[in-house]
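A.B. asks: Here it is, the structure in full.
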Amino acid sequence: MGAPSGRGQWSSQLGFVLAAAGSAIGLGNIWRFPYVAGESGGGAFVLVYLICVVLIALPVMLLEISLGRATQRNPVGAFQAVRPGTAWRALGYLALLTGLGILSYYAVIAGKVVAYCVSYAGGMITGSAELYQGTSASTLLYFTLFLVLTILVVAGGVQRGIERWAKVLMPLLLITMFGVIVRGLMLPGALDGVRWFLMPEFAKIDGRVVLSAMAQAFFSLSLGMGAMLTYGSYLSKKDDVLRCGAWVVVFDTGIAILAGLMIFPAVFALSHDPAAGPALIFQVLPGVFAEMAGGGAVAIFFFFLLSVAALTSTVSLLEVVTAYFVDERGWPRAKAVWAVGGATFVVGIPSALDMAGIDPFTAVAVVGQTGFLSIMDFLWGNLSLAFGSFMLCLFGIFVWGLDRASDEIGSTSSVFHRISAVWRFFVRWVCPVSIAVILATLVGL
Ligand code: PHE
């Protein structure tokens, strides 16, 4: 299985961890996790989420990274390399479509974050209660801007483009979040929020909570659409897959919990509704910034870093699709990036209009969701990632073989030998069965 020549590789294992953590950490942690937790009852959701991360997502993560490293290819090429000329290739194409689908609305929300940053910088948000509602023109503009930024980074190639950004700016985001958390915790009544977020009320756990928790775990860890596979393909044969995967999970989960600690104390102290939905962080954070000395500057800095965190995620989404056209079709990188970016722009226009309050498809409801952006998020961000992860498990079990997968992971990890049987049990039984059950519920079977 010779890898195509001329592909990039991380300059070090740390480069991979930071870039993969950069893919994982994004709006999923800071925007989506708090609002889904808010809708699903707080502590109960958090508990189920943590269980899903460890029992379902982590095993899938190791499988996905190791398949990438073993084949050194993009999703389509990886399935092809293991079993040429079979229908498994379709799974690769589904991964590409999913990447494009997620990118199309993710970049809209990321554009909104940039808009907040710019509004603070321009002094347009000063008080606490303002929910900045952009016009359709400005929403489209920021969406376009964000896509172009993503395109430019991906065009720069794996190391120059992705790694350099991730290394410098992720730690800064962490520090800023700590600052906001500390200020939020000092607000009167904040501790009610901490309790609500961390103390599970077991009665609140029902099927819906489990569904949203599992889907959120896949989304947040960028699993099921080939992002980790593609990033794993840039790992060298010396790197430790187990350790890399474990670090990504730890970082990603840590940031999600920190995001909750940043939002919920303020939700309670400032009397907001935790179940406010996708607008939650945009409603709550301005209130905290208004309470901070120099809050305007902190807000600018925070929204800037959140934009960067979103950028390292959109970069991974675009990189997956680009890697296919470069590896399999022999396109020059620049051509691939602009073509895919252009297609994403067209697909994203209705989401941008929806975000600006003009939903072109108000009458349409798909699987209980209304609003174009929510429908896209449900189809690609929930359904498709869960389905992709499920199929990846089947591919590992029946085609690639979990022995070979174990060898791939074990070849650089001495610790893995001790847990390899457990891992195989999870990938063979726990992951596919629970995903199948939850998927069946998701589509209402
Ligand atoms: N994990 C990213 C986030 O949490 C989103 C993402 C999903 C990125 C799937 C790539 C693939 O923001």
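A.B. asks: Over what distance in Å are the Cα centres of region 232-286 and region 326-379 separated?
C.D. replies: One Cα centre to the other: 24 Å.
A.B. asks: Now a separate question. Where in the chain are the helices, taken as whole DSSP H runs, whose Cα atoms extend 30 angstrom or more along the long axis and whose Kyte-Doolittle mean reaches at least -1.0?
C.D. replies: Flagged H segments are 89-121, 164-185, 241-269, 295-327, 333-355.
A.B. asks: Quick one: pull the percent of accessible area on region 257-405 belonging to carbon and sulfur, 1.4 Å probe, ligands and nucleic acids left out.
C.D. replies: Looking at region 257-405 in its full context, I get 67 percent from C and S.
A.B. asks: Then there's this: Which of the listed residues, Y324, L187, L145, is farthest toward the dipole's positive end in the chain, when Lys, Arg count +1 and Asp, Glu count -1 at the beta-carbon?
C.D. replies: After comparing all options, I get Y324.
A.B. asks: Between A90 and I358, 0.36 nm times their residue separation minus their Cα-Cα distance comes to what?
C.D. replies: Full extension of this stretch gives 93.0 nm more.
A.B. asks: Would you mind counting up the charge near P265? Only other residues with Cβ under 12 Å from its Cβ, with Lys and Arg at +1 and Asp and Glu at -1.
C.D. replies: Within the 12 Å Cβ shell, the charges total 0.
A.B. asks: Counting Lys and Arg as +1 and Asp and Glu as -1, what is the net charge of the other residues whose Cβ lies under 15 Å from the Cβ of G42?
C.D. replies: Combined, the nearby Lys, Arg, Asp and Glu give -2.
A.B. asks: Projecting each Cα onto the charge dipole of the chain (Lys/Arg +1, Asp/Glu -1 at the beta carbon, about the Cα centre), which of G368, L103, W10 comes out farthest on the positive side?
C.D. replies: Final value for the positive-end residue is W10.
A.B. asks: Normalised by the residues of the chain, what does the relative contact order come to in percent, with Cα pairs under 8 Å and at least six apart?
C.D. replies: 34 percent
A.B. asks: Could you point to the residue in I257, Y231, I51 farthest towards the positive end of the chain's charge dipole, with +1 and -1 charges on the Cβ of Lys/Arg and Asp/Glu respectively?
C.D. replies: Y231
A.B. asks: Mind checking which of W338, W380, W429 has the largest fluctuation in a GNM of the chain, springs on alpha carbons under 10 Å?
C.D. replies: Of W338, W380, W429, the Gaussian network model singles out W429 as fluctuating most.
A.B. asks: Still on this structure, please answer the following. Counting Lys and Arg as +1 and Asp and Glu as -1, each charge on the Cβ, what is the dipole of region 111-261 about the Cα centre in debye, to the nearest 20?
C.D. replies: 340 debye
A.B. asks: Something else about it: Just to confirm a number: summing +1 for Lys and Arg and -1 for Asp and Glu over residues other than T412 whose beta-carbon lies under 12 angstrom from that of T412, what do you get?
C.D. replies: My count for the surroundings of T412 gives 0.
A.B. asks: How large is the accessible surface per residue of the chain, computed with a 1.4 Å probe and reported in Å² as a whole number?
C.D. replies: Heavy-atom SASA per residue in the chain reads 37 Å².
The values are calculated or read from the model by the stated rules, or taken from the named source; none is laboratory data. Small disclaimer: the values here were computed from a predicted structure and weren't measured. Please note: Cβ atoms are built from the backbone with ideal geometry, for glycine as well, and neighbour counts cover all protein chains shown. Surface areas here come from the heavy atoms of the whole protein model, side chains and all, with no ligands, DNA or RNA. Shrake-Rupley method; radii C 1.70, N 1.55, O 1.52, S 1.80 Å.
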